[in-house]
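Enquirer: The structure is given below, and queries will be raised subsequently.
Just so it is clear, none of the values below were taken in a lab; they were calculated from the coordinates. Note that the structure is predicted; figures quoted are calculated from it, not measured. All Cβ positions, even for glycine, are placed from backbone atoms using ideal geometry, and neighbour counts span all protein chains on display.
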Amino acid sequence: MEAVQPGYHKWIFQAEPLFLTIVTHESRYDAHRFDIRRTVIPNMTKTKSTHHRYDAVASALVHGTPAVRGTIFGNPSLMIHGKVFASRFGEAMVFKLGRVAHARALSLAGARPFDPLRRGRPMKAWVEVPSRHANQWAALARTALRTVRRGGTET
């Protein structure tokens, strides 16, 4: 094991199986005393599958439409003519939808108006749909694409 500075925490991430190894030096006087803990990270497998689900939706839209990949708020997004219409946000996906589609999406369990800063000021026409409804992400993304293509007039 390599030497670790006193009071230093070393984080080691390993891909398979998903766990985190934390190496903590216990005492600056005892160079051989380490606390090694392994912690399973349960949400990493969920995140991994969420990323794959987003990628599947994004790939289908990018290859079948003039949509391109981009980023917004540091998250991968889908754009058309420089305008974002869908993005992954944590364990959810967000969509810019017209009035009727927006109301329909909000009726899904766990869906909510998209407020990226979580300060009670949601973005107009945007809805956050959790990963439990990932089977509907592709249809919502196509609707969002139509909405942005038509200047926000899609219902």
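Enquirer: What is the gain in length, in nm to one decimal, between Arg150 and Asn75 on full extension, counting 0.36 nm per residue of separation less the C-alpha to C-alpha distance?
Expert: 24.6 nm
Enquirer: Rank the residues Ser131, Ser87, Ser77 as a footprinting-exposure proxy: fewest other Cβ atoms within 10 Å of their Cβ go first.
Expert: Ordered by Cβ neighbours within 10 Å, fewest first: Ser131, Ser77, Ser87.
Enquirer: Using a simple spin-label model with points 7 Å from Cα along the Cα→Cβ vector, what separation in nm is obtained for Val68 and Arg132?
Expert: Modelled inter-label distance: 3.7 nm.
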